[in-house]
Amino acid sequence: MAGACRGLIELCASGSLGRLKSPMISAARSRWEVLGSGRCWAILLLHANEVVSSDRLIDELWGDRAPATAAKTIQVYVSKLRRALGDGVVVTRAGGYMLDCDRADVDAGRFERLVAEGRGSLKSGDPRQAAQYLREATRVMARPAAFGLRL
């Protein structure tokens, strides 16, 4: 079901979804203020289309200071994310969770596409167009993201 989150991701993470302000997403701010799951969302987003194990989420969120209720808390966070994002966006896989979306919908994917287009324009002899693509790629990656996460 890749792409199910396209509208939300484009809205939130590319200025849109890989982009997070604190753990809140700009366009859905009122929904995110009530969620303690923003950091969980950021981790899943940084690993879009990859299974992130529950153990890794616990380690990323709490490190050595994980509460005894950490596994249950992760389940609660994922439940809140699912309610906020809709069905099919955060999916359960063996031992973990995955954000199911098109790579191009997150800032890292958009950056890669813009760089490739810039290189292509440069190779085809259009440095002006290449500069536009590369400037946009720089803007995409210059936004603050994933505050509070150990990357």
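Of all residues in segment 77-100, which are surrounded by 15 or more Cβ atoms within 10 Å (Cβ to Cβ) and part of a helix (DSSP H, G or I)?
Restricting attention to segment 77-100, the residues satisfying the condition of being surrounded by 15 or more Cβ atoms within 10 Å (Cβ to Cβ) are 77-78, 80-82, 84-85, 89-91, 96-100.
Matches in segment 77-100: TYR77, VAL78, LYS80, LEU81, ARG82, ALA84, LEU85.
Please pick out the residue among ALA146, ALA68 that is modelled with pLDDT of 95 or more and within 19 Å of ARG56 (Cα to Cα).
Numbers: ALA146 fails: modelled with pLDDT of 95 or more.
Testing whether each residue is modelled with pLDDT of 95 or more and within 19 Å of ARG56 (Cα to Cα) leaves just ALA68.
When you scan segment 102-124, do you find a residue that is outside any helix (DSSP H, G or I) and loosely packed, with under 15 Cβ neighbours inside 10 Å, even just one? Give the derivation first.
Within segment 102-124, the first condition is being outside any helix (DSSP H, G or I), and the residues that meet it are 102, 106, 124.
Now drop any that are not loosely packed, with under 15 Cβ neighbours inside 10 Å, which leaves 124.
Yes - at least one qualifying residue is present in segment 102-124.
The values are calculated or read from the model by the stated rules, or taken from the named source; none is laboratory data. Being a predicted model, the structure only gives us computed values, none of them experimental. In this analysis, Cβ positions are derived from the backbone assuming ideal geometry, glycine residues included, and neighbour counts consider all displayed protein chains.
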